[in-house]
Each structure stands twice: as C-alpha cells, then as structure tokens.
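Q: Structure below; questions to follow.
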Amino acid sequence: MASLSLYRKWRSQTFDELVGQEHVVQTLRNAIVEDRVAHAYLFTGPRGVGKTSVARLLAKAVNCLAADRVARPCGACAMCQEIAEGRAVDVIEMDAASNTSVEDARALISGVMTRPTRGRYRVYIIDEAHMLSTAAFNALLKTLEEPPEHAIFVLATTEVHKVPATILSRCQRFTFTRHGIASTAAHLRRVAASEGLMLEPGAAEAIARAATGSLRDALGVLEQLASFTSGHISVAQVQSLLGMTSAAEVAALIEALLEGDVAAALRAVNSVADQGADLRQFTRDLVERLRSLLLLLAAGDHALADIGDDEREMMAAWVQRADTGRLLHWVKLFSALDYQLRTTPYGQLPLELAVVEALVGQPALPAQPARRSEAAGARAPLSQAAAPVRRAATSLQAAAPVPATPPATPPTPPGEALSPIVAAAPPASPEPAPQAETAPAGSDPGQDLPMPFPTPSSAAPVARSPEAAAAANADFSLLELVEAHWEEIKRDVRPRSPTVQALLHSVRPIDVEGNTVVLLAASPFHKENLEKAQNRRIVEEVMQRHLGVTVALRCTIEARAESRDLRSQIREARKDDLVRAAMNIFEAHIVDIEPPE
C-alpha cells in the first residue's frame, strides 16, 4: 500500500491544529458554541491554504459527540474518526471540476431530503465550486436558499468571481489568506522534527518562499526532499531541487543596486546565467525581495513585508541605504521581465538591460513644466494621453561645444552631422541674445528655435512646429507603453470575453493618435468584430486599467505607407537603440529631425 502523503498525514484534525486562518476559526467556533451554524458557506482563497480542511473540520464539529461544545471537534469520538477516515456516510464530498453537469448537481441534491444516518447533520462539501455549469448552479439554487434543517452546504473555490451572484447571496462567505513565510517555516520545522528530518538553517524559509503561501505545496516539497536526501536537508539541496537561485546571489545583485555598481550587478547576473539557473525564477526571487524591502521601508512592519527570520538582519541593513523612489522604480522594472525572459532568443540580455537601466536611467519623476528661454516662447504641454510618460526637454548636440558668447558672425558650417535629438536650452545669461544672431531671417521672435545655437542660413532647417513634435513624442511614448503591456492586456481581457481575447491575437498596436490607439488587424473580419461597441468597450476598459489613462480604440487592416513628415521621422528615430538610450539618460524628447548634409 502506498504511503500517505505528508499533506494528508498532517491535515489538521481539530481547530487548534489548524495553521493560520484565525479569523475563520474564531467565527466558526462561536457559531458552534452558540448553535448558530448557517446552512450554506462559501470558502474562497488561494490553493493549499486550508479551505477543504476547514470544511471537514466544520463537518466534524457539527456532528461531534463531545458534550462540551467548546471542545468540538474533539477528534477522538466515533463521528470525528469516521469523518477523518473518509467513511462517514453523512459527509458527501463532490469535486466540481470532474462533475460539472446539471445531472451531477441533481444527483447530489436528490438525497438532501434524506435525514442523516448517524450524525446530526448531512454536510455537502463541493470543492472547486466555480467549475459547475450555469445549469448546475441553477439546480442548486433553490436547495441552497431553503435546505432542510439537517443539511449544510460548504462550497470551496479559488475563483470566486466565477460563482454567480445568486449563489453568493445565499452563502456566508469566508476569505482564506495565504500563509506567511514565518508561519509556514515554523510548521515545516515541526513536521520535519516529527518525521525525523533535519532541516539546515534557512532551508525551511527557502521552501516557504517557493510555496508562495500554500502550506500544501510546502509539505509536498518537503516530502520530495525527504526522498531526494538521506534525512539532512540543506539550503543548497532545496535550491537544486526547485531550480532556485542562491539567496546569496539575489543579495549580491541587490547590494550592487544599492551601491550603484553597474559592473558588480552585471557580474551577479552573469554568475546566475553561467550556473544554468532559471533566470525567470531568479528575477521573481529578486522582485519578491525588493517588494519586501519596499514594504519594510514604507511601513516599517515586518509582518506586512513577510520576512523570514534568516533575513531580518540583512533587510535592516538594506533599509538604511534604500529609498522608496528607487525601490518603486526597480520593482516595476524587474517585474515586467517575466514574459521577455520566456520568449527572448538572447538569453540573459533583457535582465542585463534592465540592470543597466535601473542604475543608469532615473525613476520617472512627476511631470514639470518645460522651461523656456525668453526669446523662444513657452512650449505646448504634451497630450493628456501620454501624461504618465512625459519627459522634460534636454539639449543634445553631437558637434563641438557651443561657446558661452555667440560670435557676431555665423561660423563656418560644421563638418559633422547634428544629433537627431534637439531641444531648446536655457539662455547662457539673463540677457537674451540679439535676434539677428539667434534666429534665421524671417523667423518669428516668439517661435521656439529648433537649434540651441546659431546656424548659417544656407544650412538652416525648415522651421516646424514644436507643438507637433511634442504631440508626436507623446503619442509614441503612449504607443511604447501599450506595446510593453500588450501581452498583459490580452491576458486580462480573457476573463471578460475569451472571444475578444482570440480576436486580439490577430491584431497588434501600430500607432497612437492623441488618445486613440490604432490596431492593425489581420483581416476585415477581425476589424469588424473588434470595432463592435461591446467588444471595443471591453478592450478599452482593460487598457485604461493598465495604462492609467482613458483611451479609445480604432482598427485598420492596411499598414500605412511610410512618409517622411516630422511625425514619421520621430517614430523612426525613437526605434534607434542609441537614441532611446540618450532619451533615457538625459530625460530628453525629440523636438526636430535635421536632414543629413
């Protein structure tokens, strides 16, 4: 006979043995003591946090033979033993994932009117209740509303949003929370000691982090490690079995980030890659550690940050050197890498680029009004649709430095081409330079100058509206934001409509016009269906949630021919890696494109 799994062997048999979920336990205990047990309960929460275990404890408690209600379930009487061993005829469990049809629901409720054989109540436990079909829910509806006095229903689900509101309104709802690292690690140490296993310091915490709040998963990993080792379980064995990276490597990267040491940070990434470790898991571990550090810094609460005993001293040292702005920037940056690392053909390159951007690029700052010179006039603000990605103008030039005092006569035309990123610079002195020396003939004194220094009239670029450049930059910044979140947008559309998600797989964002996102569709069929009011509204609402701004949606089925107007040239320039790097480093945006000489 196969041995019993640890999570089954160590399933709680009384409320006192239950790990966590104190808010649920206290409420149910009071209901049992006061004889006010409801006829229907809904237990919701992540997997492996004790929903089914509590449902069985409730079934024991209402049928327990102990005279003292406070002691129920006692775990020792005949009824408690029968329910624990799964042979109680008055406790009926149904897996809704395997029995989804209306016939299954009717078969279940056909025996509801039958009185219990041995206990006081017949308890129906429906696991994964969200998997029931609409017809099955409808069949259960009347019974849940007015069951006989001897019947109790307990529905357990991980996806409560899929349960109809008519069912929710007829149940007492309890939300189960994830187990913290400290409580999970403590329980693992108790189980290991009882099973004759030796856990090296830090091993329990490593298992708890990998389980991400699921006590059942943690016990499953411990059981696997017990078979993998000879009884002594080290941190290295945990990491090897789970494909985790060493906590020391994550700590080394965070140390380098806090010190601003790009070389050390890249060495840490390459060390992980050279070991053949899973870079996605390494990045998740990094984000989780940065998140804990951010919560600890912002709230000063170790419980909220969910820090294990093995990390307290190290985290306390990091908090003294960290600041909220940088941590917020890093968490956003590294948490967006999962999809890229899964699909990239370039190995660790996305992670390396993110590390460099984390240290070289600056966190996004609140938008500030653009400064202007007295002779140039104010710049128009960027469009409202691109407000989250505004950047202040910065002057860039690839030719020789500009003298502090402009010459009286135009200099000889330079031999080098100018950088495509040009913006107005503040004046060198409070006195504005004479118009004859700073602007081409015929220019408007209130117009922004496309160059921060005088140019010969023969090489002067055609004057173009800085407002048009600002609007184009804003549009393309929003387009880049849409492209960065596109996979997440498609994923989050699915709960609203799988059909719309399928349509989105055949389109891609190609342009932004003000607050309208333009999608290129593969066929007229996709275009017509996506532009239906109901479907378009779903996509627009999901996009607004991801982008933080209100956008409209429009589809086209033909890619536009490339033109050489300012908008198209700015679009092309923003695709260049060097231009993008310069924009990021200097917080610049493109205001004009000069033709090659």
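Q: Under the Karplus relation 6.51 cos²θ - 1.76 cosθ + 1.60, θ = phi - 60°, what is the ordered set of whole-Hz ³J(HN,Hα) values for the range 253-261, x standing for Gly and Pro?
A: 5, 5, 4, 5, 5, 5, 7, x, 9
Q: Oh, and also: Rg and Dmax of the range 154-226, using alpha carbons, in Å: what are they?
A: Every Cα atom of the range 154-226 included, Rg and Dmax give 16.4, 50 Å.
Q: Same structure again: Determine Rg/Rh for the range 247-360; Rg is computed over alpha-carbon atoms and Rh is the Kirkwood hydrodynamic estimate from the same atoms.
A: Reported Rg/Rh (Cα atoms, Kirkwood Rh): 0.95.
Q: I would also like to ask the following. Quick check on packing: order 336-342, 206-212, 105-111 by the mean number of other C-beta atoms within 10 Å, highest mean leading.
A: 206-212, 336-342, 105-111
Q: Taking θ as phi - 60°, what are the ³J(HN,Hα) couplings along the range 123-138 by the Karplus curve (6.51, -1.76, 1.60), each to the nearest whole Hz, with x for Gly and Pro?
A: 10, 9, 10, 10, 8, 6, 4, 5, 7, 5, 6, 4, 5, 5, 4, 5
Q: Then there is this: Which whole number in µm²/s is D for the range 53-176 by Stokes-Einstein, with the Kirkwood Rh taken over Cα pairs at 37 °C and 0.692 mPa s?
A: 219 µm²/s
Q: Once you charge only the Cβ atoms, +1 for Lys and Arg and -1 for Asp and Glu, what is the size of the charge dipole of the range 1-152 about its Cα centre, to the nearest 20 debye?
A: So the dipole magnitude of the range 1-152 works out to roughly 260 debye.
Q: Residue 550 to residue 505: FRET efficiency via 1/(1 + (r/R0)^6), r the Cβ-Cβ distance, R0 41 Å, to the nearest 0.05?
A: It comes to 0.95.
Q: In addition: Taking amide H positions as placed 1.01 Å from N in the peptide plane, with prolines and chain starts having none, which residues 5 or more places from residue 198, or on another chain, fall under 5 Å of its amide H?
A: Result for residue 198 returns 232, 233.
Q: Semi-axes, largest first, in whole Å: what does sqrt of 5 times each Cα gyration tensor eigenvalue give for the range 190-266?
A: 29, 12, 10
Q: In Å, what Kirkwood hydrodynamic radius results for the range 152-291 from the alpha-carbon pair distances?
A: Taking every pair of different Cα atoms in the range 152-291, averaging 1/r and inverting gives 17.4 Å.
Q: Please give me the summed charge of the neighbours of residue 35: other residues whose Cβ is under 15 Å from its Cβ, Lys and Arg +1, Asp and Glu -1.
A: Result for the neighbourhood of residue 35: +2.
Q: Then there's this: In terms of modelled amide H atoms, which long-range or inter-chain residues lie less than 5 Å from the amide H of residue 122?
A: The list, which skips near neighbours in sequence, is 151, 152.
Q: Okay, moving on. Which of 150, 45, 92 sits farthest toward the positive end of the charge dipole of the range 43-167, with +1 on the Cβ of Lys and Arg and -1 on the Cβ of Asp and Glu?
A: 150
Q: Still on this structure, I have one more. What whole-number volume per residue, in cubic angstrom, does the convex hull of the C-alpha atoms of the range 256-305 give?
A: 76 Å³
Only the coordinates and a few stated rules stand behind these numbers; no lab work does. No experiment lies behind these values; they were computed from the predicted model shown. Using ideal geometry, Cβ is built from the backbone for each residue, glycine included, and neighbour counts are taken over all protein chains shown.
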